[in-house]
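Structure, as structure tokens:
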Amino acid sequence: MRPAIMSSIELLIAGLQSLKPSRQPFPPWPSDEALRALIVQKGEAGLQEIAELYTARERVIREAKLDPFGKGFEWKCWKRADDLLPVIVWDKTKFDYLVPINDIRLMVVLGGNRASKTTWAVKRCLQSALRFDRTRLIFLCQKLETSRQVQQAYIWDFLPQQIKALNGKSDRKRTFYVKYQKGTGFSGDKIVFPNESEIVFLVYTQSPSDYEGIQVGCPNQPAVPGWYADESLPLDWLTLLRTRSATFDAVGIWTFTPLSGMTPSLKETIGQGKVLEYEMEPYLAGRQNLPGLPKGAMPTVQEGSRPDTRVIYFHTRENPLGGYDRVVNACKGKPWYMAERTLCGFTRDTRGRMFGTFGSWNVIASDQLPSEAVVYMHVDPHPARNWFILWVAVDPAGRVYAVDEWPPEQEFGEWAVATTRNPSADSGLGWDGDTGPAQEPAGLGIAQYKLEIQRREGKLQEARRHWTVVRRTVDRRAGPVPIPIGSGPSTCLWQELNDEQSTGQETVGGMDFELAGGSGIEEDGLELIRQALFVDLDKALDPLSNYPKLFVSDKCRQLIWALENFTGRDKIRGACKDPIDCLRDMFTSGLDYIEPGKYGPYGGGSY
């Protein structure tokens with residue numbers, strides 16, 4: 001029997017067998033069905049078109065592997081990080097000076113597994129160092145072996161060919177120093193480029209105190225990368241790097257996949273920052289991942305705990321070469337929060353927090369505060385540190401807003417800071433932070449405190465003319481404590497606040513203070529705060545059925561930090577306890593809206 005004669009179309013289709021396209025999802029390669037359809041439609045022209053597509057695709061793949069610095073792939077998620085860089089670092093055009101487009105100086109890039117965050121950071125840091133002469137960059141990772149065998153090897157693979165060509169060569173002018181060997185990394189754990197920019201490789205096991213004098217960034221161009229940290233950055237290193245970035249106004253970049261959850265450094269940088277952008281995550285579709293976002297949505301850009309910080313999320317699915325399906329399969333059967341960490345780089349802080357439902361939905365811009373409200377004020381005094389003073393407003397609907405505080409972080413620094421100690425040590429201290437600079441006594445006497453209260457209440461009235469102070473209270477324990485005056489009869493703080501006094505230059509009248517009310521049982525007040533903050537985190541925010549009753553102005557940074565971090569485990573020695581004590585005593589004393597005409601004039605202030 002004679003064999004069947006193949007048609008011309010079948011012969012052309014058979015010719016496809018000679019093509020061996022690289023097995024990777026990007027650049028995409030048409031399916032067999034699509035290729036056959038093209039040949040059926042166009043014949044030999046179709047086969048020629050496929051051959052040209054094949055050649056072009058293989059060339060792109062090959063060049064990306066050989067020259068990742070110049071020809072490597074860049075993904076959609078890179079643009080959201082690039083848009084937040086204060087200075088464009090990848091443009092080769094030379095300028096004497098570029099004006100930064102924003103005030104962002106710390107970029108925390110959290111990502112799912114294989115989301116390309118490290119590749120983005122390394123490429124942008126190298127581009128910056130090669131563009132801006134005399135830049136000093138610090139690269140950090142976990143330990144020396146990891147630095148030399150992984151991080152430095154990755155940098156070497158990424159370097160442009162013209163830099164690699166300098167490896168081992170002597171430089172009589174001593175402007176560059178490039179000596180790399182696989183396994184041992186760069187000689188001296190550093191590399192110096194021909195433009196005198198350098199990268200110094202350090203590790204977290206080294207002591208930050210050994211590098212107190214180091215400067216990072218570029219002396220001729222502010223707001224370019226000065227350091228890059230990979231994975232779990234310790235808090236003491238983060239503190240040092242932020243300090244050493246100040247001289248040249250450098251940007252820090254930190255990439256991390258938080259598989260083990262929240263860390264002290266993440267807690268310090270993210271806080272309860274507002275989510276600015278988000279995208280849908282297919283694996284978490286239908287789930288209310290965060291209040292205020294649509295179901296299935298996960299953050300992609302978030303405010304940090306400070307105005308100069310942004311948190312950017314790279315999702316695994318955004319890297320076509322990241323093996324998304326494999327990562328998803330690894331998430332199956334695990335808790336939902338592991339999927340958030342593994343696929344999106346997102347983690348949340350609830351472990352051990354007294355106020356676990358406090359979040360960005362509780363923080364309100366100062367220009368969004370209600371136009372009509374009554375104001376309450378409370379003082380938590382202490383003889384060995386600054387007093388802490390808090391003002392809250394209550395609107396006609398009974399919603400409570402913390403609107404002002406003293407001492408403000410913007411003027412005095414932090415009231416409490418994250419500890420670099422191990423809180424599980426025998427001392428037990430550090431769970432509620434360490435004391436910050438704002439606790440250092442400012443040298444104010446009672447009369448000066450009263451003047452400061454009058455000044456701040458006057459500013460509140462200027463901003464909101466329909467606000468009225470209806471009560472001022474002082475701590476129920478500290479207020480009545482006797483204060484001896486020479487050989488005469490003793491007085492007390494409560495009495496002094498209500499009496500007329502002189503600063504030597506002016507007389508300050510009494511201010512009608514009351515002792516804080518309530519049971520005096522701490523847990524009663526803490527529970528009232530929890531109730532006012534409560535939202536069901538598994539449901540969407542709804543003003544009618546799932547919404548908090550307590551909000552904090554974004555200017556009250558001391559209180560925000562305390563609500564984010566207070567655990568109560570340090571008891572009376574807790575560094576952030578005073579802002580919580582103020583809020584607690586105000587709740588136990590009662591916070592109600594009082595209609596105009598139903599309260600009398602309140603003495604001693606500006607109202």
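Restricting to the stretch 1-53, give me the number of residues that are assigned to a loop (DSSP other than H, G, I, E, B), at pLDDT 85 or above and either polar (S, T, N, Q) or loosely packed, with under 13 Cβ neighbours inside 10 Å (or both).
Our first condition is that a residue be assigned to a loop (DSSP other than H, G, I, E, B); within the stretch 1-53, this holds for 1-7, 19-31, 43.
From the residues that got through so far, the ones that are at pLDDT 85 or above too are 19-31, 43.
Narrowing the set further to residues that are either polar (S, T, N, Q) or loosely packed, with under 13 Cβ neighbours inside 10 Å (or both) leaves 20, 22-24, 28, 31.
Counting residues in the stretch 1-53 that are assigned to a loop (DSSP other than H, G, I, E, B), at pLDDT 85 or above and either polar (S, T, N, Q) or loosely packed, with under 13 Cβ neighbours inside 10 Å (or both) gives 6.
Results for (1) assigned to a loop (DSSP other than H, G, I, E, B); (2) in the same structural domain as LYS555 (by TED's automatic domain parsing); (3) among the acidic types (Asp, Glu); (4) buried (at least 17 other Cβ atoms within 10 Å of the Cβ), shown as yes or no for each residue.
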| site | (1), (2), (3), (4) |
| --- | --- |
| ARG455 | no, yes, no, no |
| GLU462 | no, yes, yes, no |
| ARG472 | no, yes, no, yes |
| ALA478 | yes, yes, no, yes |
| GLN495 | no, yes, no, no |
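Any idea which of ALA562, ALA532, ALA575 is surrounded by 14 or more Cβ atoms within 10 Å (Cβ to Cβ) and not in a helix (DSSP H, G or I)? First the steps, then the outcome.
On the way: ALA562 fails: not in a helix (DSSP H, G or I); ALA532 fails: not in a helix (DSSP H, G or I).
Only one candidate passes the filter, namely ALA575.
Taking PHE201 as meeting all but one of (1) under 18 Å from TRP227 (Cβ atoms); (2) assigned to a helix (DSSP H, G or I); (3) touching a residue at least 24 places away in the same chain (Cβ under 8 Å); (4) not polar (S, T, N, Q), write down the number of the exception.
(2)
Taking LEU16 as the residue in question, decide whether it is of a type in the set (A, V, I, L, M, F, W, C) and assigned by TED's automatic domain parsing to the domain that holds ASP249.
On the way: of a type in the set (A, V, I, L, M, F, W, C): yes; assigned by TED's automatic domain parsing to the domain that holds ASP249: no.
Criteria not met by LEU16.
Filtering the stretch 428-444 down to residues that are under 13 Å from GLY574 (Cβ atoms) and part of a loop (DSSP other than H, G, I, E, B), which residue is modelled with the highest pLDDT? First the steps, then the outcome.
Keep residues of the stretch 428-444 that are under 13 Å from GLY574 (Cβ atoms), which gives 428-436, 439.
Adding the requirement that they be part of a loop (DSSP other than H, G, I, E, B) leaves 428-433, 436.
Working: GLY428: 54, LEU429: 69, GLY430: 79, TRP431: 86, ASP432: 91, GLY433: 91, GLY436: 95.
Only one residue tops the list, namely GLY436.
Taking the stretch 268-297, which residues are outside any loop (DSSP other than H, G, I, E, B), touching a residue at least 40 places away in the same chain (Cβ under 8 Å) and crowded, with 18+ Cβ neighbours inside 10 Å? It would help to see each step written out before you state the result.
Of the stretch 268-297, the ones outside any loop (DSSP other than H, G, I, E, B) are 268-270, 275-280, 282-284, 297.
Pick out the ones that are also touching a residue at least 40 places away in the same chain (Cβ under 8 Å) and you get 268-270, 275, 277, 283-284.
Hits for the stretch 268-297 are GLU268, THR269, ILE270, VAL275, TYR283, LEU284.
What's the total number of residues in the stretch 373-425 that are aromatic (Phe, Trp, Tyr) and part of a loop (DSSP other than H, G, I, E, B)? So that I can check it myself, show each step before the final result.
Residues of the stretch 373-425 aromatic (Phe, Trp, Tyr): 376, 387-388, 391, 401, 406, 412, 415.
Still in the running and part of a loop (DSSP other than H, G, I, E, B): 387, 415.
So the answer is 2.
Conditions (1) modelled with pLDDT of 95 or more; (2) among the aliphatic types (A, V, I, L, M); (3) outside the structural domain of ARG287 (by TED's automatic domain parsing), marked per residue:
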site	(1), (2), (3)
ASP325	yes, no, no
TYR337	no, no, no
ASP349	no, no, yes
THR357	no, no, yes
ASP367	no, no, yes
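The values are calculated or read from the model by the stated rules, or taken from the named source; none is laboratory data. Everything numeric here is computed off the predicted structure, so don't read it as measured data. Backbone-built Cβ (ideal geometry, glycine too); neighbour counts: all protein chains shown.
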